[in-house]
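The values are calculated or read from the model by the stated rules, or taken from the named source; none is laboratory data. The structure displayed is predicted, hence computed values, not measured ones. Neighbour counts run over all protein chains shown; Cβ positions are idealised from the backbone, glycine included. Accessible surface areas use protein heavy atoms only, side chains included; no ligands, DNA or RNA. Shrake-Rupley method; radii C 1.70, N 1.55, O 1.52, S 1.80 Å.
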Protein chains: 2
Amino acid sequence: MYSFTEENYLKTIFYLSIGTQEGVSTNALADSTNTRAASVSDMLKRLAEKGLINYQKYRGVTLTEEGERLALLVIRKHRLWEVFLAEKLQFGWDEVHVIAEELEHIRSERLIEKLDAFLGYPKFDPHGDPIPNAAGEMPRFIYRKLSEIVEGTTVVMTGVSEHSPAFLQHLDKAGLTLGCQLKVNEISDFDKSVSVLIDNVRTLFVSHEVAKNLLVK
Amino acid sequence: MYSFTEENYLKTIFYLSIGTQEGVSTNALADSTNTRAASVSDMLKRLAEKGLINYQKYRGVTLTEEGERLALLVIRKHRLWEVFLAEKLQFGWDEVHVIAEELEHIRSERLIEKLDAFLGYPKFDPHGDPIPNAAGEMPRFIYRKLSEIVEGTTVVMTGVSEHSPAFLQHLDKAGLTLGCQLKVNEISDFDKSVSVLIDNVRTLFVSHEVAKNLLVK
DNA sequence: TAATTTTTTTAGATTAGTCTAAATTTTTTA
DNA sequence: TAAAAAATTTAGACTAATCTAAAAAAATTA
């Protein structure tokens, strides 16, 4: 049984590992966990002793198979609770993350399997991120950014790559929700902002900054 | 903001205070929290400094008004989560306590108020215990024990005074559930066991030990 | 490639919550 | 009511997770 802190380190290492081969650096972890590099060094030693990470001094870390399995189980719990909060308790998608950060550490396998059933075995959380299964396996979808879509193409909004409440609230105000259809009319030469037709109904200008963080298929 | 441990001490002091005027003793707390008296002494000093308990060395403790309010808010969360687990996730009433011991420490007022609404503002948890309101107030019902009911009387089962899984599973097997009607046919001279007619349908013999822990009105 | 800068680790403390053993206070008993 | 027993507190130590400051290693730069 692992502590809240250990679970959080595993989760953070998992997220920082996405899209790189190299190990995660001590400083990157210190930034993400709001601690100092010295504290991270200590913790890495302990996690390595427990066989959850591959760690050589000064070399950065990667998760072992077991470490990754555990990280994905925490992420599974986090995302299932997010679905519960959004769908059953009517929380906004900008509010669910903070609460799920606590709920993800509740220790009961039966609880999470029953919650999964209660929610109807959802495949995605409120931000469009996939939910790992009980074995700690997660499908990897490769979505494109709206900013990379060529003019004239029609796509569907499937996720976001930025999860801050400020960004999500901005999308709410713009009426951009998961599943909406987006036709890229024109990309501005001036500021790379994108003019999109939403659900064949109305046109909206999306800044490049926003377009970079919208995932589509 | 108080730690899990502090919240648990407050809750335990609250429960051990029920039905006595005197303060709760250090040893009683050590028993209930599975720690040693020395650890309890240390913690009592801290809780007293924070104004949550009235504490004089060697004299036992009582909760201050603020301490009681906090204890009742933890109990509110515990009992609401128990309702969620039993009614929405189909856990048995013998299983909900252990999981709610963790969930009760999740810190979000909005979460608990939304959960309350989602559950339809329940007044009682799955064991028949009343749920405190958001202000930390709880109605006090005085129920009698089945063992004190005179022959010929008909009552309704409203609660239990023993919450162990073993006891609750025993009641399940006997078919004794909250709300069932119990007519006391006869109390045995030999072993004080009670013969009861359940819901006007079938007769059951209930041991004195069980009858003492069944609350009725 | 030697010097400088950056990153990481080690050394030594700190805090919350716990422990055992010893000391102290209260309660019980004879 | 004095002695014995029980309950409680204090003293000193431990663990997990953190910190600052200093030392060491790696990376960058001139």
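Be a star and scan the range A:126-148 for residues whose amide nitrogen sits under 20 Å from the point 7 Å along the Cα-to-Cβ vector of A:Val156.
From the range A:126-148, the list is A:126-132, A:139-148.
Provide the buried accessible surface between chains A and B in square angstrom, both chains summed, 1.4 Å probe, rounded to the nearest 100.
1800 Å²
In whole Hz, with x marking every Gly and Pro, tabulate ³J(HN,Hα) for the range B:166-183 from phi via Karplus 6.51 cos²θ - 1.76 cosθ + 1.60, θ = phi - 60°.
4, 5, 5, 5, 4, 5, 4, 4, 7, x, 8, 10, 4, x, 6, 8, 10, 9
Could I have the simple spin-label model distance between A:Glu137 and A:Ala166, label points 7 Å from Cα toward Cβ, reported in nm to one decimal?
4.0 nm
Return the carbon/sulfur percentage of the accessible area of the range B:97-217, one whole number, probe 1.4 Å, all protein chains in place.
On the way: 3480 of 6420 Å².
The computed percentage sits at 54.
By how many nm would the segment from B:Lys192 to B:Gln56 lengthen if fully extended, with 0.36 nm per residue of separation less the alpha-carbon distance? Write down the numbers at each step before the final one.
Numbers: separation 136, 0.36 × 136 = 48.96 nm, distance 4.33 nm.
Here the segment from B:Lys192 to B:Gln56 would lengthen by 44.6 nm.
Looking at the calculated P(r) for the range B:144-216, what percent of the C-alpha pair distances fall above 21 Å?
On the way: 349 of 2628 pairs.
For the range B:144-216, the fraction of Cα-Cα distances above 21 Å is 13 percent.
How big is D for the range B:4-63, in µm² s⁻¹ as a whole number, if Stokes-Einstein is applied with the Kirkwood radius of its Cα pairs at 4 °C and 1.567 mPa s?
Details: Rh = 11.1 Å.
In µm²/s, the coefficient is 116.
What nm value, rounded to one decimal, do you get for the distance between A:Phe118 and B:Met1 when each label is placed 7 Å out toward the C-beta?
Going from the A:Phe118 label point to the B:Met1 one covers 2.5 nm.
Working only with C-alpha atoms, what are the Rg and Dmax values of the protein assembly as shown, expressed in angstrom?
Answer for the protein assembly as shown, Rg first and Dmax second: 27.5, 96 Å.
Against the globular-protein guess of 2.2 N^0.38 Å, express the Cα radius of gyration of the range A:74-140 as a ratio, rounded to two decimals. Could the numbers behind the result be given before it?
Numbers: Rg = 10.7 Å, N = 67, 2.2 N^0.38 = 10.9 Å.
Computed over Cα atoms of the range A:74-140, the ratio equals 0.99.
Along Cα-to-Cβ, 7 Å out, sits the label point; list in nm, shortest first, how far the one on B:Asp189 is from those in the other copies.
Reported distances to equivalent positions: 11.0 nm.
Taking only protein heavy atoms into account and a 1.4 Å probe, give the accessible area per residue of the range A:1-96 in Å². Don't skip to the answer; put the middle values down first.
On the way: 5040 Å² over 96 residues.
Per residue, the range A:1-96 has 53 Å² of solvent-accessible surface.
Can you tell me which lysines have their Cα less than 24 Å from the Cα of A:Lys50? Leave out same-chain residues fewer than eight positions away.
A:Lys11, A:Lys77
If amide H atoms are built 1.01 Å from N in the plane of the peptide, which residues on other chains or at least 5 residues away come under 5 Å of the amide H of B:Val160?
Here the answer is B:Leu215, since their amide H atoms fall under 5 Å of that of B:Val160.
Starting from 0 in steps of 5 Å, tell me what percent of the Cα-Cα pairs of the range A:23-119 lands in each bin.
In whole percents, the pair-distance histogram is 3, 13, 17, 18, 17, 13, 11, 7, 2, 0.
Excluding B:Ala71 itself, calculate the net charge of residues whose Cβ lies under 9 Å from the Cβ of B:Ala71, where each Lys or Arg counts +1 and each Asp or Glu counts -1. Write out the running numbers ahead of the final one.
Numbers: positive: B:Lys11, B:Arg69; negative: B:Glu7, B:Glu68.
Counting the neighbours of B:Ala71, the net charge comes to 0.
When each copy gets a label point 7 Å from Cα toward the beta-carbon at A:Leu204, what are the spacings between them in nm, shortest first?
5.8
Taking 0.36 nm per residue of sequence separation and subtracting the Cα-Cα distance, how much length would be gained by fully extending the chain between B:Lys145 and B:Ala38, in nm to one decimal? Kindly include the intermediate steps, with their values, before the conclusion.
Details: separation 107, 0.36 × 107 = 38.52 nm, distance 3.66 nm.
Residue separation times 0.36 nm, minus the Cα-Cα distance, leaves 34.9 nm.
Based on the Kirkwood radius over alpha-carbon pairs, what is the Stokes-Einstein translational diffusion coefficient of chain B at 20 °C with 1.002 mPa s viscosity, in µm²/s? Let's see the in-between values first.
Values: Rh = 18.9 Å.
The estimated diffusion coefficient comes to 113 µm²/s.
Which residues' amide hydrogens lie under 5 Å from the amide hydrogen of B:His127, considering only partners 5 or more residues apart or on another chain, with H built in the peptide plane?
For B:His127, whose amide H was placed from the backbone, there are no distant partners under 5 Å.
Could you tell me the relative contact order of the range B:71-217? Use alpha-carbon pairs under 8 Å, at least six residues apart, and round to a whole percent. The partial results should precede the final answer.
On the way: 231 pairs, mean separation 34.2, N = 147.
Across the range B:71-217, relative contact order equals 23 percent.
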